[in-house]
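See below for the structure under consideration.
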Amino acid sequence: MARPRKKINLGELEKLYQLQCTDKEAAAFLEISVKTLERRKTIPKFAEATDAAKAKGRVSVRRMLFALAAKGNVAAAIFLAKNVIGYKDYFANEHSGPDGGPIVIGPAPELGELTDDEVKQLTILVSKTQRPPKA
């Protein structure tokens, strides 16, 4: 014998979905399993009601966001500009030479032409770059 069918208060579920609750949150609130909720959502009228409730919730959030932006809330205006209008922040990390021109890279020095003193100095400098960092 199958268990009795669990009653779901559709009005409460619609309110939860208007708040954009997840299925897990809604099921916990209604004291049913997520599987039960998922099975009910296979019923067309039930699925339509839940989809409509989620859409109403999104419209409500959008309406509130537009009202905030219209009142001068800069964060709301920026959010809408980026997510509705498609504005983007662009960052350019470029390095350039004198007067914005290219960075000139000269030829590598001929190491064979260095004096013994220059080789010693270069060895000292290179060894300083290869030391492990101080703890």
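No lab work stands behind these numbers, since they all come straight from the coordinates. Computed from a predicted structure; not experimentally measured. Please note: Cβ atoms are built from the backbone with ideal geometry, for glycine as well, and neighbour counts cover all protein chains shown.
Across segment 10-85, counting alpha-carbon atoms alone, Rg and Dmax equal 15.6, 45 Å.
Positive end of the dipole of the chain (Cβ unit charges, origin at the Cα centre): among Gly97, Ala27, Ala75, the Cα lying farthest that way belongs to Ala27. Residues Tyr90, Tyr17 in ascending order of nearby Cβ atoms (within 10 Å, fewest first): Tyr90, Tyr17.
Net charge dipole, the chain: roughly 1960 debye, given to the nearest 20, about the Cα centre with Cβ charges of +1 for Lys and Arg and -1 for Asp and Glu. Ordering Thr36, Thr115 by the number of other Cβ atoms within 10 Å of each residue's own Cβ, fewest first, gives Thr115, Thr36. Averaged over residues, the count of other Cβ atoms within 10 Å places the peptides 45-58, 116-129 in the sequence 45-58, 116-129, highest first.
Straight Cα distances below 29 angstrom link Lys45 to the lysines Lys6, Lys7, Lys15, Lys24, Lys35, Lys54, Lys56, with same-chain residues fewer than 8 positions distant left out. Checking (1) -0.39, -0.63; (2) -0.46, -0.69; (3) -0.69, -0.88 against the coordinates, the calculated log10 I(q)/I(0) by the Debye sum over Cα atoms at q = 0.11, 0.14 Å⁻¹ falls under label (3).
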